[in-house]
Amino acid sequence: MANGEYDLIVIGAGSAGLTAAGFAAQLGLKVALAEKNRVGGDCTWTGCVPSKSLLKAAKIAHQMRNAHRFGIRSAEPEVDLKAVMARVKRVVDEVYQAESPETLRASGIDVYLGPTHFLDSHTIETGDDTLTGRRFLIATGARPAVPPISGIDDVDFLTYETLWDLEELPRSFIVIGGGPIGCEMAQAFCRLGSHVTLLEAGPRILPQDEPEASDLIASCLITDGVDLRLGATVQRVWQNGDTIHVRIEGQELEGDALLVAAGRRPALEDLRLDKAGVVYGPHGIEVNSRLRTNRRHIYAAGDCVGGYQFTHYAAWQGFMAVRNAFLPSGQSAVLDQVPWATFTDPELAHTGLTEAQAQSKFGQEAVVCNWPLDQVDRALTEGDAIGFVKLIHRPNGTVLGATIAAPRAGEMIQEWSLAIDLGLKIGALANSIHVYPTYATASMQAAAHIKVQQLLTGTSGRVIRGMARLAR
């Protein structure tokens with residue numbers, strides 16, 4: 001069945017595709033959205049939404065065990081994983097209602113569900129329909145990457161896509177990969193009651209974050225009961241009945257479940273990009289700074305182009321791709337730095353440059369301030385004072401980067417991300433009144449500390465102190 005020509009055909013209904021299609025429809029364009037699986041993508045079905053819902057359940061279990069810290073009798077929680085997962089699925093469904101095909105069609109977007117591939121550079125086949133378009137946006141996301149471990153194909157391992165089908169809590173849970181997914185799920189299942197072993201081949205978990213931040217999360221995982229193994233290269237895996245065996249450097253581990261969280265790879269299979277003449281490689285579709293492929297009318301955005309793989313970045317790129325495709329004065333949509341958060345407990349968030357990156361770029365001009373969370377009254381009242389705010393700035397106060405380890409780090413990082421985007425200086429944050437008592441007070445305290453040190457150092461400090469003495 002052939003349909004009329006569309007102004008824009010979006011392939012992939014995840015974060016990037018949904019944002020792009022919605023913006024294009026608002027511009028008054030005729031838009032088609034083609035999705036192979038389910039509208040919503042990884043974030044809704046297998047990523048952000050279910051994982052944070054599971055983490056909430058795990059935190060409640062943790063708080064029950066530690067209630068004695070607040071003068072309340074502790075209790076060992078009785079975890080019904082089937083019920084926990086049922087609640088996770090209810091949350092997913094609630095989020096999905098805002099992006100269901102019916103909702104999208106009501107907003108003016110034609111939605112097509114089914115396997116999708118190019119027939120030529122202006123035509124796709126999606127399910128039983130053939131669509132033609134003036135412009136295209138490929139936003140097919142990414143899939144779990146499975147490392148070439150001996151025996152892995154013969155083992156019933158889990159990924160972040162299949163984890164949500166569990167109905168019984170594993171007694172022994174092995175996780176391969178110490179990135180954000182591996183760390184979050186290791187902590188969650190440990191708190192729910194599994195014996196968790198987390199295997200990371202490198203020297204530390206969360207290698208993209210500041211070393212002290214990685215060390216802090218590692219310490220918290222161990223305190224929770226996670227058996228963390230660093231420098232643990234998996235040599236072989238095999239399965240006997242329901243038991244999965246993992247060999248690492250002469251030692252054999254056994255588990256009821258194995259989660260492989262070793263990264264992601266672009267989901268480009270079955271698209272037949274060669275039919276459209278689109279250039280791509282193992283790291284994704286090749287695009288320029290405006291997200292245009294080698295074919296002028298075809299754009300790509302989100303995880304399928306490689307680079308940072310975050311829901312918020314994909315959505316932003318989806319918006320920018322439509323802007324660049326249909327509006328004048330296109331802008332760069334590929335960023336060197338993107339804010340992110342890992343939702344362990346405490347959370348870990350980062351924006352801008354790390355200390356090593358700043359020193360490499362600015363040398364002695366990169367100044368570091370570490371402000372401990374135990375100086376923050378709200379953290380003390382909550383009994384969650386493990387963490388810090390680390391700020392990197394130039395002597396003139398220009399903000400270069402920030403890392404926050406705190407219970408609300410994902411919320412706290414926003415003002416530092418905005419400061420970097422707008423070129424604000426430390427003084428602007430120090431002079432902005434923050435509500436008390438909040439975790440965000442930590443950012444104001446750190447900024448004020450830096451600003452006072454700047455004012456009272458050198459000649460300006462001598463002058464200010466002299467003026468103060470004269471005013472006595």
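The values are calculated or read from the model by the stated rules, or taken from the named source; none is laboratory data. For clarity, every value in this text was computed on a predicted model and none was experimentally measured. Quick reminder, even Gly has a Cβ in these numbers, built from the backbone with ideal geometry, and neighbours come from all protein chains shown.
So how many residues does region 157-176 have that are outside any loop (DSSP other than H, G, I, E, B) and buried (at least 16 other Cβ atoms within 10 Å of the Cβ)? Explain how you work it out, then say what you get.
If we filter region 157-176 for residues that are outside any loop (DSSP other than H, G, I, E, B), which is where we start, we get 158, 163-165, 172-176.
Those left that are additionally buried (at least 16 other Cβ atoms within 10 Å of the Cβ): 158, 163-164, 172-176.
Total meeting the criteria: 8.
Among (1) outside any loop (DSSP other than H, G, I, E, B); (2) without any contact (Cβ under 8 Å) to a residue 40 or more places away in the chain, there is one condition Arg323 misses while meeting the rest; what is its number?
Just one mismatch for Arg323, condition (2).
Of (1) farther than 17 Å from Val389 by Cα; (2) modelled with pLDDT of 95 or more, Pro437 satisfies all except one. Which?
(1)
Looking at region 193-209, which of its residues are over 21 Å from Ile149 (Cβ atoms) and surrounded by 22 or more Cβ atoms within 10 Å (Cβ to Cβ)?
Ser194, Leu206, Asp209
Filtering region 328-339 down to residues that are surrounded by fewer than 20 Cβ atoms within 10 Å (Cβ to Cβ) and touching a residue at least 40 places away in the same chain (Cβ under 8 Å), which residue is farthest from Thr403 (Cα to Cα)?
Step by step, filter region 328-339, then rank; the result is Gly330.
Could you say whether any residue in region 214-225 is among the hydroxyl-bearing types (Ser, Thr, Tyr), outside the structural domain of Ile386 (by TED's automatic domain parsing) and crowded, with 20+ Cβ neighbours inside 10 Å?
Filtering region 214-225 down to residues among the hydroxyl-bearing types (Ser, Thr, Tyr) leaves 214, 219, 223.
The next check asks that each one be outside the structural domain of Ile386 (by TED's automatic domain parsing); those that pass are 214, 219, 223.
After this cut, where a residue has to be crowded, with 20+ Cβ neighbours inside 10 Å as well, the list is 214.
Looking through region 214-225, at least one residue is among the hydroxyl-bearing types (Ser, Thr, Tyr), outside the structural domain of Ile386 (by TED's automatic domain parsing) and crowded, with 20+ Cβ neighbours inside 10 Å.
Would you please list the contacts, defined by Cβ atoms under 7 Å and residues six or more apart or on different chains, that run from a residue in region 100-124 that is without any contact (Cβ under 8 Å) to a residue 12 or more places away in the chain and closer than 27 Å to Thr293 by Cα to a residue that is β-branched (Val, Ile, Thr) and surrounded by fewer than 20 Cβ atoms within 10 Å (Cβ to Cβ)?
The qualifying pairs are Thr123/Thr130; Thr123/Thr132.
All but one of (1) loosely packed, with under 14 Cβ neighbours inside 10 Å; (2) touching a residue at least 40 places away in the same chain (Cβ under 8 Å); (3) hydrophobic (A, V, I, L, M, F, W, C) hold for Leu456; state the number of the condition that does not hold.
With (1) loosely packed, with under 14 Cβ neighbours inside 10 Å; (2) touching a residue at least 40 places away in the same chain (Cβ under 8 Å); (3) hydrophobic (A, V, I, L, M, F, W, C) applied to Leu456, the lone miss is (2).
Look at Arg272 and say whether it is surrounded by 14 or more Cβ atoms within 10 Å (Cβ to Cβ), assigned by TED's automatic domain parsing to the domain that holds Gly302, more than 16 Å from Cys190 (Cα to Cα) and not aromatic (Phe, Trp, Tyr).
On the way: surrounded by 14 or more Cβ atoms within 10 Å (Cβ to Cβ): yes; assigned by TED's automatic domain parsing to the domain that holds Gly302: yes; more than 16 Å from Cys190 (Cα to Cα): yes; not aromatic (Phe, Trp, Tyr): yes.
Yes: the conditions hold for Arg272.
Counting residues that are closer than 29 Å to Ala188 by Cβ, which helices (runs of 4 or more DSSP H) fully inside region 342-432 reach at least 1? Steps first, answer last, please.
Values: elements: 355-362, 377-382, 409-422, 426-431.
Of the helices (runs of 4 or more DSSP H) lying wholly inside region 342-432, those with at least 1 residues that are closer than 29 Å to Ala188 by Cβ span 377-382, 409-422.
Kindly evaluate Phe136 against the criterion of being over 30 Å from Gly225 (Cβ atoms), touching a helix residue (DSSP H, G or I) at 6+ places or on another chain (Cβ under 7 Å) and at pLDDT 95 or above.
Criteria not met by Phe136.
Quick one: in region 393-418, of everything that is touching an Asp or Glu at 6+ places or on another chain (Cβ under 7 Å) and under 15 Å from Lys451 (Cβ atoms), which residue is surrounded by the fewest Cβ atoms within 10 Å (Cβ to Cβ)?
Taking the candidates together, the pick is Pro395.
Can you spot a residue in region 143-156 that is touching a helix residue (DSSP H, G or I) at 6+ places or on another chain (Cβ under 7 Å) and surrounded by fewer than 19 Cβ atoms within 10 Å (Cβ to Cβ)? Show your work before the answer.
Step one: filter region 143-156 for residues touching a helix residue (DSSP H, G or I) at 6+ places or on another chain (Cβ under 7 Å), giving 146.
Retained after the next criterion (residues that are surrounded by fewer than 19 Cβ atoms within 10 Å (Cβ to Cβ)): 146.
Scanning region 143-156, I find at least one residue that is touching a helix residue (DSSP H, G or I) at 6+ places or on another chain (Cβ under 7 Å) and surrounded by fewer than 19 Cβ atoms within 10 Å (Cβ to Cβ), so the answer is yes.
Looking at region 277-316 only, could you name the residues that are of a type in the set (A, V, I, L, M) and either surrounded by fewer than 22 Cβ atoms within 10 Å (Cβ to Cβ) or closer than 24 Å to Glu161 by Cβ (or both)? Show your work before the answer.
Step one: of region 277-316, the residues of a type in the set (A, V, I, L, M) are 278-279, 285, 287, 291, 298, 300-301, 305, 314-315.
Listed by number, the residues that qualify are Val279, Ile285, Ala300, Ala301, Val305, Ala314, Ala315.
All but one of (1) surrounded by fewer than 24 Cβ atoms within 10 Å (Cβ to Cβ); (2) in contact with a helix residue (DSSP H, G or I) (Cβ under 7 Å, 6 or more places away or on another chain); (3) touching a residue at least 12 places away in the same chain (Cβ under 8 Å) hold for His434; state the number of the condition that does not hold.
That leaves (3) as the condition not met.
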